[in-house]
Amino acid sequence: MPKYDKIDIPEIVESLFNITSDSVCDCPEYAKDVEFITPDKTRLTCRFYPADRKSPTLLYFHDSMTPVEQYDAIAKHYIRQDMNFMLATYRGIGKNSGKPGFASLFEDAAFILQETVIFLQKEKFEGSLFVMGTSLGSACAIDIAYNCADLVKGIIIESGFCDTVPFFTGLGLDIIQKELTEDDGFNNRKKIEKVKLPTLIFHGSRDGVVPAAQAETLQANSGARNKQFHLIPGANRNTMIETGGELYFMTIKNFVDTISGRNTWRQRRRNQLNS
């Protein structure tokens, strides 16, 4: 198992994780905070936004820098599109204990996935489970699709990166370039080659951190037979939703519903008769 020794250093960790934010926002009435305790006793508090017990669920790994409260508004769009939304968080941020870092990143992601499955079953949510990740979170989503494909139906990547060094360089972290190979980093390219799950990739045409060519390489190397790539014109990594608008959420819904078998003509006919 990779140890990530060459990248698990303060200069990089402090740049990628919002560890200076100690604010804890109140959970809105339409959501529920769910606490998971890891084997090493670290508390990871995720936020669940339910739509319906029969709806599909997105397990979402964010970019590690965006405050959790910003997703309270974003989650409403997923609810309106009849999708449950589980926001994963990282150790050492907000209500979570522990210290953030790459050595624990993927272990925590897999643990959150497994606990989410248990939570959904316990709460009697019946819909399919999908994993989605943005920026650094895309590495978590790809790792889950690579290692835990039997637990999810599909993967959605937004502002994802293929290679570690260009990603860090785009963030201004030139310090890590010396003697660093991809085997020391995230290995997204090699992992996604083995991913057979249906895959949806979004990227902004004006992303100044990760050029669109990186996302196109992910798409080209993906082992999935069912894969889609959407380049959002004029969008950068911070304006994907604003620029994409409702079409952004509708594209995700169509992908999720199709994979879940909810987008067949029989299902649409049934919905019309029941409405």
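Values in this text are rule-based calculations from the coordinates and carry no lab data. Small disclaimer: the values here were computed from a predicted structure and weren't measured. Neighbour counts are summed over all protein chains in view; Cβ atoms, including those assigned to glycine, are modelled from backbone coordinates with ideal geometry.
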Handout entry: Cα-based reach from Lys153 at 22 Å (exclusive), listing lysines while leaving out same-chain residues under 8 positions away
Key = Lys54, Lys122, Lys124, Lys190, Lys191, Lys194, Lys196, Lys227, Lys253
Handout entry: Cα-projected label distance for Ser15 with Lys122, points at 7 Å along beta-carbon direction, nm
Key = 3.9
Handout entry: Residue-by-residue Karplus 3J(HN,Hα) for region 159-172, coefficients 6.51, -1.76, 1.60, Hz, glycine and proline x
Key = 6, x, 10, 8, 10, 5, 4, x, 5, 5, 4, x, 8, x
Problem - For the chain: relative contact order, % (alpha-carbon pairs under 8 angstrom, 6 or more apart) - result: 16
Completion exercise
So for R0 = 25 Å, FRET eff. of Leu247-Ala213 from the Cβ-Cβ r, to 0.05, ends up at 0.60
Exercise for the section: Could you list Asp143, Asp5 in order of exposure, starting from the residue whose Cβ has the fewest other Cβ atoms within 10 Å? Expected result: Asp5, Asp143
Exercise for the section: Step through the residues of region 238-252 one at a time and calculate ³J(HN,Hα) from phi using the Karplus curve (6.51 cos²θ - 1.76 cosθ + 1.60, θ = phi - 60°), rounding each to whole Hz and writing x for Gly and Pro. Expected result: 9, 10, 4, 6, 4, 6, x, x, 5, 4, 4, 6, 5, 5, 5
Problem - Cβ-Cβ FRET estimate between Asp183 and Ile37, R0 fixed at 51 Å, reported to 0.05 - result: 0.95
Practice task
Rounded to whole Hz and in sequence order, give me ³J(HN,Hα) for region 101-113 from the Karplus expression 6.51 cos²θ - 1.76 cosθ + 1.60, θ = phi - 60°, writing x for Gly and Pro.
Solution key: x, 7, 4, 9, 4, 6, 5, 5, 4, 5, 5, 4, 4
Problem - Projected label distance in nm at Leu173 and Ala110, using a 7 Å step from Cα toward the beta-carbon - result: 2.2
Problem - Crossing angle, helix 136-147 versus the chain [Cα axis fit, 0-90 degrees, rounded to tens] - result: 70
Handout entry: Order of Arg47, Arg237, Arg225 - criterion: other Cβ atoms within 10 Å of each residue's Cβ, fewest first
Key = Arg225, Arg237, Arg47
